[in-house]
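Worksheet: one structure, shown below.
The values are calculated or read from the model by the stated rules, or taken from the named source; none is laboratory data. In this text, all values refer to a predicted model and were calculated from it rather than measured experimentally. Methodologically, a virtual Cβ is constructed for each residue, glycine included, from the backbone with ideal geometry; neighbour enumeration extends over all protein chains shown.
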């Protein structure tokens with residue numbers, strides 16, 4: 001998949017200044033559409049109750065269209081260090097005109113993991129970064145994800 005997830009240090013301590021985002025300024029259907037591959041990291045606060053790592057990287061493949069935001073997420077299994085499997089989940093949500101992002105991640109049951117996680121965040125004005133908070137029964141924390149840019153296409157030589 002894409003490059004490495006953003007470093008944990010890049011997580012902002014405060015959400016973006018929402019007064020700087022005017023209604024309609026973020027156009028998720030326009031040139032900055034969100035469909036594509038994203039990489040990110042989520043952090044447990046204050047610690048991972050399952051005893052796993054405090055920060056977990058992930059990759060997301062997102063599609064944004066008239067029906068809303070949907071896609072899939074893959075991440076290492078941080079619930080069972082011995083398992084070694086990759087966890088997969090589906091994503092369904094919305095991105096509002098003011099840049100607010102809300103989505104639900106539903107794990108598919110791999111390795112017995114099948115719970116739901118709620119994410120609430122903000123899309124930056126360049127439509128290249130989303131950051132915010134996540135929560136589920138018994139755990140919560142922060143997340144950041146960045147759009148992976150595809151490499152430019154090179155014309156084939158004859």
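Remark: residue 156 falls outside the filter, which requires a residue to be within 14 Å of residue 62 (Cβ to Cβ) and either assigned to a loop (DSSP other than H, G, I, E, B) or modelled with pLDDT under 85 (or both).
Of the residues making up region 134-148, those that are under 18 Å from residue 106 (Cβ atoms) and within 11 Å of the chain's Cα centre (by Cα) number 3.
Okay, residues lined up against (1) surrounded by 14 or more Cβ atoms within 10 Å (Cβ to Cβ); (2) modelled with pLDDT under 85; (3) closer than 24 Å to residue 35 by Cβ:
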position	(1), (2), (3)
64	yes, no, yes
80	yes, yes, no
89	yes, no, yes
117	yes, no, yes
120	yes, no, yes
128	yes, no, yes
150	no, yes, yes
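Looking only at region 95-114, decide whether some residue is touching a strand residue (DSSP E or B) at 6+ places or on another chain (Cβ under 7 Å), part of a strand (DSSP E or B), within 20 Å of residue 44 (Cα to Cα) and modelled with pLDDT under 90. No, region 95-114 contains no residue that is touching a strand residue (DSSP E or B) at 6+ places or on another chain (Cβ under 7 Å), part of a strand (DSSP E or B), within 20 Å of residue 44 (Cα to Cα) and modelled with pLDDT under 90.
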